[in-house]
Amino acid sequence: RRRLFAYTGAVGAAGIAVGAAGAAIASDTPSAASAAPVVGDEQLAFYGTHQPGIAAPAQTQGWLTAFDLAPGATLAQVKDLFQQWSTIAATTMAGRSLSSGDDAMAYGRGPSGLSVTVGVGASLLTKLGLEDRIPKALDPLPAFLNDALVPAASDGDLCVLVGANDGLVAAHTLRALQRAAAAHTTQRWQVNGFADAAGSMPSPTSTPRNLMGQLDGTGNPKQGTASFDQTVYVPATADPAWMRGGSYLVFRKIRMLLEDWDTLDRAGQEAVIGRDKLTGAPLSGGSEFTAPDYDKFTASGAFAIPAGAHIRQASAQSNNGASILRRAFNYYDGPRADGSPDAGLIFLAFQADPATGFTVIQQRLSGADSLSTFIRHEASGLFAILPGCADGDYLGRELFE
Ligand code: HEM
């Protein structure tokens, strides 16, 4: 079995392991740490009712990419692609080598919590002459206030989300998926995101932080509850039948205006969100998972959680019960022309219906959220995330029948 090793020193410039004082230590042989988590061995089952990447435990790598069909690509070719993608996903998620053409990029690594999640855009169905199968839920998102969307970095006929706890494992799988798709598609865009490694946080289940330094994910629906399933998955009675057990993904690439954000002191930043920055506790009191009290006032008569605070404006109670599952990854892609960091959130919202989920919330946030001054939505996509498939079957079969 693969193990994570705890090294007793950092590797110095000359490639020799060095101790804290800089003295060469006797050996750079890793000493096995029995309590260390086995990152490589973590494995998610590909086959099942839902695609596992939706509700997977937080992963450290999230790579999202979209493909467009090549002109003239046929339904039979797309069906073949879905069969190939399903085989690649099942094989790599199990940590096995691909039966043909494996480039061995991640040879010797385990599956590392890998998930491959496949979705289709409305444009795919239009191009294939399947307009009558387009779900209402794939109606284009409305334009929102302050949107600054770049079309070439948005939308697409197909999307794939590769999540893993190892970058090489993610790259290996994405490369295999790309090779399979190359004959009949072009890759439209790709965003690569990262999140805290489980081993670096206070506990493996700690809430991750984003690049504004906030704990991000606290208010998500809780896995294993009926309300989680209602929020996230298309019900077994909904139409079209090919989406039952699936979900809808809204992707937004949201740049953080970090230089403006940095001008706020900590109290100012906490007022924008409505939570304590370090602990994540709501400003109405308690600890991270205490329910926010939006009716609480401070001694000076102001709302404890300010009127424009992000959590107040995003909450289900402000939005007619609207709820989404957020699965965010950070990106930090170097300087923009003005020298400011091109950094922010690869924001992924899964829900049973975007019209009563993301759209309702974003319509409110884009106008009333104090956070909106510090962010810009720069890319967007809406995809039907196919239901899972049974062992031996392939993703999207219902679509081709
Ligand atoms: C909550 C950050 C964009 C919906 C939160 C919280 C933070 C946060 C720190 C509190 C902790 C938590 O519950 O996770 C951000 C940042 C964003 C962003 C930095 C952009 C860069 C959005 C967008 C939406 C959204 C675009 C939806 C349209 C929510 C919801 C909650 C939340 C539903 C939970 C509210 C509740 O507790 O009831 N966000 N967010 N966020 N956010 Fe965002």
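Read-outs throughout are calculated quantities, based only on the coordinates presented, and are distinct from any laboratory measurement. Only a predicted model underlies this, so the values are computations on that prediction, with no experimental measurement involved. Every residue, glycine among them, receives a Cβ derived from its backbone with ideal geometry; neighbour counts consider all protein chains shown.
Phi angles of the range 380-394 translate, via the Karplus equation with coefficients 6.51, -1.76, 1.60 and θ = phi - 60°, into HN-Hα couplings of 8, x, 10, 9, 7, 7, 4, x, x, 9, 7, 3, x, 8, 9 Hz per residue; Gly and Pro are given as x. Given the Cα-Cα distance of F400 and L75 and 0.36 nm per residue of separation, how much length would full extension add, in nm? Stretched out fully, the F400 to L75 stretch lengthens by 116.2 nm.
Taking the Cβ of A122 as the center, what net charge do the other residues with Cβ under 14 Å away carry, scoring Lys and Arg +1 and Asp and Glu -1?
Values: positive: K127, R133, K136; negative: D68, E131, D132, D139, D155, D157.
In short, -3.
In plain terms, the residue of E378, E401 with the fewest other Cβ atoms within 10 Å comes first and the most crowded comes last, giving E401, E378.
Figure the gain on full extension for D333 and L145 (residue separation times 0.36 nm, minus the Cα-Cα span) and round it to one decimal in nm.
Numbers: separation 188, 0.36 × 188 = 67.68 nm, distance 2.51 nm.
Gain in length upon complete extension: 65.2 nm.
Cross-link check: pairs K79/K222; K222/K277; K222/K253 evaluated at a Cα-Cα cut-off of 27 Å; pairs beyond the cut-off: K79/K222. Stretching the chain fully between R179 and F228 yields a gain of 14.1 nm (0.36 nm per residue, less the alpha carbon separation).
Distance between the pseudo-spin-label points of E259 and S287 (7 Å out from Cα toward the beta carbon): 4.1 nm.
Under 17 Å of direct C-alpha separation, and excluding same-chain neighbours fewer than eight residues apart, K136 reaches these aspartates and glutamates: D155, D157, D239, D353.
Less than 13 Å Cβ to Cβ from D216, Lys/Arg counted +1 and Asp/Glu -1: what total charge do the surrounding residues give?
Working: positive: R209, R275, K277, R326, R327; negative: D196, E288.
Charge balance in the 13 Å sphere: +3.
Taken about its Cα centre, the chain carries a charge dipole of roughly 420 debye when the Cβ of each Lys and Arg holds +1 and the Cβ of each Asp and Glu holds -1. Charging the Cβ of each Asp and Glu at -1 and of each Lys and Arg at +1, and nothing else, the dipole of the range 189-294 about its Cα centre rounds to 320 debye.
Considering only A238, P52, F251, and ranking their Cα positions along the charge dipole of the chain that arises from unit charges at the beta-carbon of Lys, Arg, Asp and Glu, the one farthest toward the positive end is P52.
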